[in-house]
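Everything on this sheet refers to the single structure shown next.
The values are calculated or read from the model by the stated rules, or taken from the named source; none is laboratory data. Since the structure is predicted, the reported quantities are computational estimates derived from the model, not experimental observations. Glycine also receives a Cβ, built like all others from the backbone with ideal geometry; neighbour counts cover every protein chain displayed. Ligands, DNA and RNA are stripped out before the accessible areas are found, and what is left, the full protein with its side chains, is counted by its heavy atoms. Shrake-Rupley method; radii C 1.70, N 1.55, O 1.52, S 1.80 Å.
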Amino acid sequence: MANALLRSLQALESSNGPTARWTVPLNDGNHVIEFEHGTATGRRVVKIDDKVLVHRDWMFRLVGDEVFTFGETKFVIRVDPIPGLKYSYTLWVNGKSYKNFIQSQTKILKSWSTKVGNDDYRIVLDKQTQNVWVNGVQVDVENEFMDGGAEMLFSVAELPAVIRSCSSDQREIGIDYILYIDDIKIKGEGVSPSQES
């Protein structure tokens, strides 16, 4: 009888989907973190891009931190009680709150999304290291200096690509980065916090 009740609690908790979800922009692209918290069984599941990283059943402490790493990035999901037998879920990335991490990433990363043929591509530039990723894979670039800026040459889907850097003439923006693929200017994408819980 007790086993049947426990199995039905587990089934009910797992059918509800993630309790909280965050999109985290890292150098190699955006990653979706999903957290499932079973408030009856204490079950905790952490998924990144639909791959299970943490799976714990039958935890007697329903609150507290869930700590895990993904690549070189350390994550902490804080589970805190709130009135009404409910819980709040906050994400910390490399010691920064999710909101502060997103704000710092917007200063560090510049990203573009585009379609070449039938395939989608996401290009990310780390402005500090000058590394470039195409669909999560770091690519080799050739740097060339020119009047008023520089160019990073590489290829996307065997097409020539270049990221041109030059002064934006606006102090708050600083250096502007523009991507061209096969001489076509690609519109940049913004990074903004997104959380569902």
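Before moving on, here are some points about what is shown:
- Note on exposure: Arg43, Arg56 ranked by accessible area (1.4 Å probe, complete protein assembly) read Arg56, Arg43, with the most exposed listed first.
- With coordinates expressed along the principal axes, the C-alpha atoms belonging to the stretch 52-168 extend over 61, 33, 24 Å, beginning with the largest.
- Rolling a 1.4 angstrom probe over the stretch 41-197 with all protein chains present gives an accessible area of which 48% lies on carbon and sulfur atoms.
- Filter on Lys96/Lys187; Lys74/Lys99; Lys74/Lys96; Lys51/Lys96; Lys47/Lys86; Lys110/Lys187 - keep pairs with C-alpha separation over 20 Å: Lys96/Lys187; Lys51/Lys96; Lys47/Lys86
- Selection of chymotrypsin sites (Phe, Trp or Tyr not before Pro), the stretch 32-125, meeting DSSP coil and at most 11 other Cβ within 10 Å: Trp58, Phe60
- For the stretch 44-54, 3J(HN,Hα) computed residue by residue from phi via the Karplus equation (6.51, -1.76, 1.60; θ = phi - 60°) reads 10, 10, 10, 10, 10, 6, 6, 9, 6, 9, 9 Hz, glycine and proline entered as x.
- For the stretch 128-145, putting each phi into the Karplus relation 6.51 cos²θ - 1.76 cosθ + 1.60 with θ = phi - 60° gives couplings of 6, 9, 6, 7, 10, 10, 10, 6, x, 10, 5, 10, 6, 10, 10, 9, 9, 9 Hz, in residue order, rounded to whole numbers and with x for Gly and Pro.
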